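Data first, discussion second: the structure below is written as structure tokens.
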Amino acid sequence: MARRENCKKNNSELPHELMFKIFFLLPVATLLRCKSVCKTWLSIISDPQFVEAHCIESQKRQPSSVTELSSDQICIDNHESKTLLQLSIFYDGIIHFLSCCNGLVCFANTAYSTIFLGNPMTRQFKKVPTPQKQTAGSFSIGCKLGFGFDDVSQDYKIIRFVCDHKDSSYSIEAEMYSANEDSWKEIRVPIGLETTFQFVRHRRGCVFRPDQSRVLYFEGFREVLSFDLHDEVFRLHPYPRPTKLPLPGVPKSYLLEFEGSVAMICDESSGDGETVHSLWTLERDCGNWIKQFKLEDCIKNDHIILYLGDGQFVVNGLSYYRRRSRSIYYYYNRKNAKEYLGASPARQVISVVKFNESLVSIKGFKQLEDGVFTADSII
């Protein structure tokens, strides 16, 4: 009772706008506790305008948290604490795909046929309806997923590509899920796309820039495929061609989001017989690749998988400390690196993605009370 009386007293002394500004500087865990203090605080924190403002502010903070996916759990590491969510939902016990956007995660099973959306911070999740198009086999080798936000229709969407090899031919079909409609629809793939573009197997699903641009980018063998979630338009972007290299640049990274741009790291000749890494970004308007800088030699034999911001890359390669394959942090503007052990070294890490916490919720989310995610708790 005393706490509620103090809350009412403080509310009368602080303008609503000031409380709004104070709250959106707080982390999600603190805000969730604040919601239970009084009705006024609950109203402010639950306001859609506040949720949007807090999400935007969260994206500005550097460096971002890391969301690590192992075979049966998701771990969010914000450099101060770890949030662990146990996943026990698939028959084979393996989660194969993970993507993040505005604090929401999208993850799927090995065949990309069972898909979930959720907010790990608020413990809210939902199962996405089963896709309409099925693969010929039981593995994800014939599928690609992309997850992003359509800022025009204010809708979270999933694009799913089904690729099929028949003899010497290669075909691509596509369908898209809308969270607002809670349904899938077929997407027309441009005629001839499969003759010029092929997805890279065993790579991450896509890159989504954090500026709510609604465009997803997928990695191919010699070019990048972009897809506009609102206009439903496909575009192809050839890889960078370093001038000192006679052949097209060989990618030494996944597609990256670098300071608001789509980026890629390629091999390039240094002019003295050595090969160096150079980072290139894809210009938004003209579609040209621009060389930004060269990276130091200390990551010469490693493969960059993620850029977290503040000059911090995540590299998958040979550990400096244990001489075995691990993920490490590398600071290109500080010329040093440290090994990232992960939340649970005993488990195999399948992917590491960037994560910005938020209060975002979508239609159909259900609350988990025990923090353990199971099929029965969502379906």
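The values are calculated or read from the model by the stated rules, or taken from the named source; none is laboratory data. Source: prediction; values computed, not measured. All Cβ positions, glycine included, derive from the backbone under ideal geometry; neighbour counts span all protein chains shown.
Taking the stated definitions as given, is residue 233 within 22 Å of the chain's Cα centre (by Cα), aliphatic (A, V, I, L, M), at pLDDT 80 or above and more than 17 Å from residue 304 (Cβ to Cβ)? Judged against the criteria, residue 233 is a match.
Looking only at residues in the stretch 58-104 that are surrounded by fewer than 15 Cβ atoms within 10 Å (Cβ to Cβ) and closer than 28 Å to residue 214 by Cβ, which one is modelled with the lowest pLDDT? Going through the qualifying residues, I end up with 62.
How about the stretch 105-119: which of its residues are within 14 Å of residue 362 (Cβ to Cβ) and of a type outside the set (A, V, I, L, M)? The answer is 106, 116, 118, 119.
Can you tell me which residue in the stretch 125-154 is modelled with the lowest pLDDT, limited to those that are farther than 12 Å from residue 177 by Cβ, of a type in the set (S, T, N, Q) and part of a loop (DSSP other than H, G, I, E, B)? It comes out as 138.
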